[in-house]
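Below is one structure, written out as structure tokens, with a few remarks after it.
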Amino acid sequence: MILGITGAFGCGKSSVLAAFAARGWRTADADSLCHGLYAEPGGAIARRLAERWGVGVLASDGTVDRRRVGEIVFEKPEELEFLTGLLYPELSRKLEELIDGCRKDGADGAYEIPLLYEAGYEGHFDRVVAVWAAPEIRRARLREQRHFSDVEIRRREARQLFADAKLERADIALINNGDIRELELQVERLIEDWKAATSPRLDA
């Protein structure tokens, strides 16, 4: 089984990914994959960004300064569009490599892609899981755990599909209005159901 995990900002996608990893699944997340692209000194991404935004977007070691990139794209939507157009093909290629490896090895994989639908990546996966939490709960978590202001939360939410839209499009929903154990139990039930569905019947 190859899963794509998505959901709104602050809904608990990373916790779901960690739950699958703890149960032996191969996992990766889009943010880390993108950071890997940024961390290639003199790589294609670094060169293209420096050509467009100047060498000030690079750190002293030639890698991309992610904080500076964030400042640029959050102030200028057209630059965010340029950045995503640059990153998405490379991210898609890396996902395909990881997924191909899972399929060749007969392994289960789960991949966290916050902008899965926005990027048109749903075709990569056997199932898409949407993690959902009530807006007031998500925002409270973001304020308390990540110290985001309400302005920053609204700004980031505006760049994604609404949480309910992701939930409606997904194959599977995980509701994260409770604590981490409740979320892990939902993941455990999903895995048990899939195992039961694919196990050969003894009476066949």
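The values are calculated or read from the model by the stated rules, or taken from the named source; none is laboratory data. This is a predicted model, so every value here is computed, not measured. Cβ sites come from the backbone with ideal geometry, for glycine too, and all protein chains shown count toward neighbours.
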Residue ID - surrounded by the most Cβ atoms within 10 Å (Cβ to Cβ), chosen from residues in region 142-154 that are within 18 Å of the chain's Cα centre (by Cα) and in a helix (DSSP H, G or I): L142
Answer yes if at least one residue in region 169-186 is in contact with a helix residue (DSSP H, G or I) (Cβ under 8 Å, 6 or more places away or on another chain) and among the basic types (K, R), and no otherwise. yes
Looking only at region 186-204, and only at residues there that are assigned to a helix (DSSP H, G or I) and among the charged types (D, E, K, R), the one that is modelled with the lowest pLDDT: K195
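State whether the residues of region 159-167 include one that is in the same structural domain as C11 (by TED's automatic domain parsing), more than 24 Å from A119 (Cβ to Cβ) and under 19 Å from the mean Cα position of the chain (by Cα).
Taking region 159-167 as the starting set, the residues that turn out to be in the same structural domain as C11 (by TED's automatic domain parsing) are 159-167.
When the remaining residues are screened for being more than 24 Å from A119 (Cβ to Cβ), the result is none.
Taking every residue of region 159-167 in turn, none turns out to be in the same structural domain as C11 (by TED's automatic domain parsing), more than 24 Å from A119 (Cβ to Cβ) and under 19 Å from the mean Cα position of the chain (by Cα).
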Out of everything in region 62-95 that is of a type in the set (A, V, I, L, M, F, W, C) and within 19 Å of I5 (Cβ to Cβ), what residue ends up being surrounded by the fewest Cβ atoms within 10 Å (Cβ to Cβ)? L87
Regarding L183, is this residue in contact (Cβ under 8 Å) with a residue 60 or more places away in the chain, touching a strand residue (DSSP E or B) at 6+ places or on another chain (Cβ under 7 Å) and either among the hydroxyl-bearing types (S, T, Y) or not in a helix (DSSP H, G or I) (or both)? no
For region 10-32, name all the residues that are within 23 Å of G70 (Cα to Cα) and surrounded by 20 or more Cβ atoms within 10 Å (Cβ to Cβ). G10, C11, G12, K13, A30
I want to confirm something. Restricting to region 96-120 and keeping residues that are farther than 13 Å from K166 by Cα and either touching a Gly at 6+ places or on another chain (Cβ under 7 Å) or of a type in the set (K, R) (or both), which single residue is surrounded by the fewest Cβ atoms within 10 Å (Cβ to Cβ)? K104
Within region 104-121, how many residues turn out to be within 21 Å of D193 (Cβ to Cβ) and not in a strand (DSSP E or B)? 3
Which of the residues belonging to region 122-134 are part of a helix (DSSP H, G or I) and either buried (at least 16 other Cβ atoms within 10 Å of the Cβ) or among the β-branched types (V, I, T) (or both)? E122, H124
